[in-house]
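Worksheet: the structure to be examined is printed underneath.
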Amino acid sequence: ETGVTQSPTHLIKTRGQQVTLRCSSQSGHNTVSWYQQALGQGPQFIFQYYREEENGRGNFPPRFSGLQFPNYSSELNVNALELDDSALYLCASSLDGALARTRKNTDTQYFGPGTRLTVL
Amino acid sequence: AQSVTQLGSHVSVSEGALVLLRCNYSSSVPPYLFWYVQYPNQGLQLLLKYTSAATLVKGINGFEAEFKKSETSFHLTKPSAHMSDAAEYFCAVSRAGTASKLTFGTGTRLQVTL
């Protein structure tokens, strides 16, 4: 069973640029959630994708957008980067929906190692 | 709406001493509760979870937590601290029933001294 992977591990951008972060979910999982963790803070929920559609969103502006692909991997896109976007971006995968009721540990999100984004 | 309060942003214990990290939650629906640990420059690792079965939950690395509905608490304990336990610990709450969005506390940094 492969775990959650994220790429790249580190990224440096300048204000106003755009960035794409990638996440591969744990095998057997169909749901991906993205979180932003600013330095010294707890993770904040950005949004969740289930069956290639957004399934819940936190208090983040529209310049934060995402995609989920048929293989359940996901991208997080951030446009018009601001200095405050500097953070660790965490991806978490889980199993939701009808399949969830037949499996164990379906109530748990498993996290990847994160992508550290620095905006200068 | 759900929220989590972790009392004490920094906790320091001696090696071999009891570890107690506090977490109180607020939820308008039955909650699931989680403790995650984060080592420097790494992602989050699940320590343990409460999902409406037994109120005393045992996790990895000797940690356990007790769900107390009357006190809206889910404190994390370990009888004897090891140096390797030094890390950041996060308590989180979600809506019961699915792996829906997690709401995290601000974290508690555990320091273990000789």
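The values are calculated or read from the model by the stated rules, or taken from the named source; none is laboratory data. Everything quoted here is computed from the prediction, not taken from an experiment. Neighbour counts run over all protein chains shown; Cβ positions are idealised from the backbone, glycine included.
Looking at B:THR108, B:THR103, B:THR72 in this structure, which one is surrounded by fewer than 19 Cβ atoms within 10 Å (Cβ to Cβ) and in contact with a strand residue (DSSP E or B) (Cβ under 6 Å, 6 or more places away or on another chain)? Let's see the steps before the verdict.
Values: B:THR108 fails: surrounded by fewer than 19 Cβ atoms within 10 Å (Cβ to Cβ); B:THR103 fails: surrounded by fewer than 19 Cβ atoms within 10 Å (Cβ to Cβ).
On inspection, the qualifying residue turns out to be B:THR72.
Filter region B:1-34 down to the residues that are at the interface with chain A (Cβ under 10 Å from one of its Cβ atoms) and part of a strand (DSSP E or B), then identify the one that is nearest to B:ALA65 (Cα to Cα).
Looking only at region B:1-34, we keep the residues that are at the interface with chain A (Cβ under 10 Å from one of its Cβ atoms), and these are B:4, B:6, B:9, B:32, B:34.
When the remaining residues are screened for being part of a strand (DSSP E or B), the result is B:4, B:32, B:34.
Working: B:VAL4: 15, B:TYR32: 13, B:PHE34: 9 Å.
So, considering only residues that are at the interface with chain A (Cβ under 10 Å from one of its Cβ atoms) and part of a strand (DSSP E or B), the one nearest to B:ALA65 (Cα to Cα) is B:PHE34.
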### Task
State which residue pairs qualify: first residue surrounded by 15 or more Cβ atoms within 10 Å (Cβ to Cβ) and inside region A:1-30, second residue charged (D, E, K, R) and at pLDDT below 95 in any location, beta carbons under 9 Å apart, and separation of 6 or more residues or different chains.
A:GLN26/A:GLU1; A:HIS29/A:ASP96; A:ASN30/A:ARG51; A:ASN30/A:ASP96
### Message
Which condition from (1) modelled with pLDDT under 95; (2) under 13 Å from the mean Cα position of the chain (by Cα); (3) farther than 30 Å from A:VAL32 by Cα is the one that B:LEU114 breaks?
### Response
(2)
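Mind checking whether some residue in region B:61-80 is within 13 Å of another protein chain (Cβ to nearest Cβ) and of a type outside the set (A, V, I, L, M)? Spell out how you get there, then give the answer.
Filtering region B:61-80 for residues within 13 Å of another protein chain (Cβ to nearest Cβ) gives none.
Scanning region B:61-80, I find no residue that is within 13 Å of another protein chain (Cβ to nearest Cβ) and of a type outside the set (A, V, I, L, M), so the answer is no.
What about B:VAL37, is it among the β-branched types (Val, Ile, Thr), outside any helix (DSSP H, G or I) and within 14 Å of another protein chain (Cβ to nearest Cβ)? Talk me through it step by step, then tell me what you get.
Values: among the β-branched types (Val, Ile, Thr): yes; outside any helix (DSSP H, G or I): yes; within 14 Å of another protein chain (Cβ to nearest Cβ): yes.
Yes; evaluated as a whole, the condition is true for this residue.
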#### Entry: Residue ID - farthest from A:GLU75 (Cα to Cα), chosen from residues in region A:1-46 that are more than 10 Å from chain B (Cβ to nearest Cβ) and at pLDDT below 90
A:GLU1
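Results for (1) out of contact with any Leu (no Cβ under 8 Å at 6 or more places or on another chain); (2) not in a strand (DSSP E or B), shown as yes or no for each residue.
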| site | (1), (2) |
| --- | --- |
| A:THR20 | no, no |
| A:GLN48 | yes, no |
| A:PRO62 | yes, yes |
| A:ASN71 | yes, yes |
| A:ASN77 | no, no |
| A:CYS91 | no, no |
### Task
May I ask you to list the residues in region B:88-114 that are under 16 Å from B:LEU47 (Cα atoms) and away from chain A (no Cβ under 14 Å)?
B:LEU110
### Query
Which residues, taken from region A:58-85, are surrounded by 13 or more Cβ atoms within 10 Å (Cβ to Cβ) and either aliphatic (A, V, I, L, M) or at the interface with chain B (Cβ under 9 Å from one of its Cβ atoms) (or both)?
A:GLY58, A:LEU67, A:LEU76, A:VAL78, A:LEU81
